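This report concerns only the one structure given below.
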Amino acid sequence: MPQPELHIDAHTALIVVDVQNDFLPGGALAVTQGDDVIPVINRIAPRFQNVVITQDWHPAGHLSFASSHPGYDHYQHIDMPYGPQCLWPDHCVQGSTGAELAESLAIPHARLILRKGIHRDIDSYSAFLEADRTTPTGLLAWLQAQHIQQVVIVGLATDFCVAWTAIDAAQAGLVTWVMEDACRAIDIDGSLHQATTTMKEAGVTIVTSCSLH
Ligand code: VGL
Ligand code: ZN
């Protein structure tokens, strides 16, 4: 199938999601081959005038950590007031080495670094809306202030933070692309398949970096 063409203009932003040490091999919540996204992102980023980087940025004792719920294991689910929550290993704790952006990520011209997941009792896979689905991070208002109409989303992990960010972007009316060769997935219990289906239903276009013109 021919790839749809993606044209970058002054109203387009690249959103680089959670390329942080804890999501790379050796990290607390390592994504298989997560480091493979870095050269692809470094290669495409200079094409974008507008780049936003996100950081998962949890306080110690965050309620998405299994360690905050005695008797629960990693990857089990728990009911939170906003719905089911997957329980993760402790990761991306504010100020830790694991929470730092990958050292080899080279995007000096990035305009905004947005931190999410900062409330102890609310997770935030999406860079737009926290898991209660009502608390905004401020990203949409920032993009609107810059007259951004189109976003290209890359990073980690495809089936969690990339997918939720893409779905919310599309729902906010932005033309939304996910560049899959610049993403890697956690893929637990079919989560990648599910996330891909939901992204497509939300109107997200999934492409590879070959679509960049
Ligand atoms: C993420 C699980 C927990 C992600 C963040 O960046 O995809 N996944 N926190
Ligand atoms: Zn997290």
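The values are calculated or read from the model by the stated rules, or taken from the named source; none is laboratory data. Quantities reported herein were computed from a predicted structural model and do not represent experimental measurements. A quick note on method: Cβ atoms are made from the backbone with ideal geometry, for glycine too, and the neighbour counts reach across all protein chains shown.
Values as computed for the structure displayed
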| quantity | calculated |
| --- | --- |
| Residue satisfying all of: in region 44-59; within 13 Å of ligand 2 (Cβ to nearest atom) and not acidic (Asp, Glu); farthest from residue 105 (Cα to Cα) among these | 59 |
| Qualifying positions in region 84-128 - within 13 Å of ligand 2 (Cβ to nearest atom) and either modelled with pLDDT under 95 or not in a loop (DSSP other than H, G, I, E, B) (or both) | 85, 86, 88, 93, 98, 99, 115, 116 |
| Residues located in region 80-120, provided they are out of contact with any Lys or Arg (no Cβ under 8 Å at 6 or more places or on another chain) and closer than 15 Å to residue 133 by Cα | 80, 81, 83, 84, 85, 116, 117, 118, 119 |
| Number of positions in region 52-66 that are away from ligand 1 (no atom under 12 Å from the Cβ) and not in a loop (DSSP other than H, G, I, E, B) | 2 |
| Pair list, Cβ < 9 Å and 6+ apart or interchain, from region 64-78 residues that are over 13 Å from residue 89 (Cβ atoms) to residues that are assigned to a loop (DSSP other than H, G, I, E, B) and away from ligand 1 (no atom under 14 Å from the Cβ) | 78/69; 78/72 |
| Yes/no for residue 35 being outside any loop (DSSP other than H, G, I, E, B), over 14 Å from the mean Cα position of the chain (by Cα), more than 13 Å from ligand 1 (Cβ to nearest atom) and free of Cβ contacts under 8 Å to residues at least 60 places away in the same chain | no |
| Selection from region 129-173 of residues that are outside any strand (DSSP E or B), under 10 Å from the mean Cα position of the chain (by Cα) and buried (at least 24 other Cβ atoms within 10 Å of the Cβ) | 157, 158, 159, 160, 161, 162, 163, 165, 166 |
| Members of region 182-203 found to be outside any helix (DSSP H, G or I) and either over 14 Å from the mean Cα position of the chain (by Cα) or free of Cβ contacts under 8 Å to residues at least 12 places away in the same chain (or both), listed by number | 187, 188, 189, 190, 202, 203 |
| Residue list for region 174-186, restricted to those being within 20 Å of residue 11 (Cβ to Cβ) and either crowded, with 22+ Cβ neighbours inside 10 Å or aromatic (Phe, Trp, Tyr) (or both) | 174, 176, 177, 178, 179 |
| Filter result (over 17 Å from the mean Cα position of the chain (by Cα) and not in a strand (DSSP E or B)) within region 1-24 | 1, 2, 3, 4, 5, 7, 8, 9, 10, 11 |
| Positions within region 15-26 being out of contact with any Gly (no Cβ under 6 Å at 6 or more places or on another chain) and more than 9 Å from ligand 1 (Cβ to nearest atom), in sequence order | 15, 25, 26 |
| Residue check, residue 41 within 16 Å of ligand 2 (Cβ to nearest atom) and either surrounded by fewer than 17 Cβ atoms within 10 Å (Cβ to Cβ) or under 21 Å from residue 169 (Cβ atoms) (or both) | no |
| Any chance residue 66 is modelled with pLDDT of 95 or more, small (Gly, Ala, Ser), away from ligand 2 (no atom under 16 Å from the Cβ) and in contact with a Leu (Cβ under 8 Å, 6 or more places away or on another chain) | no |
